[in-house]
Amino acid sequence: MPIDAGFTCPNRDGVRAFGGCTFCDEKGSGAPTIDQKLNVREQLVMGMERIVGRYKAKKFLGYFQAFTNTYAPEEVLRNLYDVCFEFEDVVGLCIGTRPDCLPDNILDLLAEYDQKTFVWTEVGLQTIHDRTLDLINRGHSAAEFFDALDRAKQRNLK
């Protein structure tokens with residue numbers, strides 16, 4: 001179930017670049033069903049109601065989809081991710097992020113959740129060619145992707 005937790009991206013706020021990459025729209029490539037005006041708890045309630053009504057689903061994954069969902073201090077992330085587990089039918093997390101936004105303390109946080117529940121870390125790889133990464137304004141290198149991947153694998157993250 002897609003969630004917009006109100007994050008931005010270092011490729012939008014000037015830390016790495018401005019304007020976002022080729023793949024990102026004004027909603028951060030979030031699902032069209034996300035109401036950005038709602039908080040995470042409200043988005044979960046609305047999303048579960050919609051999905052139950054349409055698909056009769058019984059279990060859910062909280063999918064932090066829009067923008068870069070590890071681009072905040074650890075305690076902010078923990079508080080937002082924990083909201084998902086206020087709902088007994090939420091059985092895991094999917095975290096959309098970027099390789100340059102996965103410092104060790106955040107990977108450790110994700111590994112902590114992975115010990116308790118299902119965690120999928122989505123690290124967008126658009127290309128391994130730095131020239132193309134520059135052309136599409138990704139704001140990170142292929143080396144940064146492979147470094148983040150290696151550090152995630154060391155923690156057995158999916």
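The values are calculated or read from the model by the stated rules, or taken from the named source; none is laboratory data. Model, not experiment: these values are computed from the prediction. In this analysis, Cβ positions are derived from the backbone assuming ideal geometry, glycine residues included, and neighbour counts consider all displayed protein chains. Surface areas here come from the heavy atoms of the whole protein model, side chains and all, with no ligands, DNA or RNA. Shrake-Rupley method; radii C 1.70, N 1.55, O 1.52, S 1.80 Å.
Structure notes:
- Verdict on Gly20 being of a type outside the set (D, E, K, R), within 21 Å of Phe145 (Cα to Cα), touching a Cys at 6+ places or on another chain (Cβ under 8 Å) and in contact (Cβ under 8 Å) with a residue 24 or more places away in the chain: yes
- For the residues Phe18, Phe60, Phe87, the requirement of being open to solvent by 50 Å² or more (accessible area, probe 1.4 Å) and either at pLDDT 95 or above or closer than 30 Å to Thr127 by Cβ (or both) singles out Phe18.
- Leading residue by the ranking (nearest to the chain's Cα centre (by Cα)) among those in the range 118-149 that are under 24 Å from Gly6 (Cβ atoms) and open to solvent by less than 30 Å² (accessible area, probe 1.4 Å): Thr121
- One residue from Ile95, Ile106 being part of a strand (DSSP E or B) and buried (at least 18 other Cβ atoms within 10 Å of the Cβ): Ile95
- Count - residues of the range 45-69 that are in contact with a Cys (Cβ under 8 Å, 6 or more places away or on another chain) and of a type in the set (A, V, I, L, M): 1
- Within the set Ala72, Ala66, the sole residue that is among the hydrophobic types (A, V, I, L, M, F, W, C), out of contact with any His (no Cβ under 7 Å at 6 or more places or on another chain) and farther than 19 Å from Thr22 by Cβ turns out to be Ala72.
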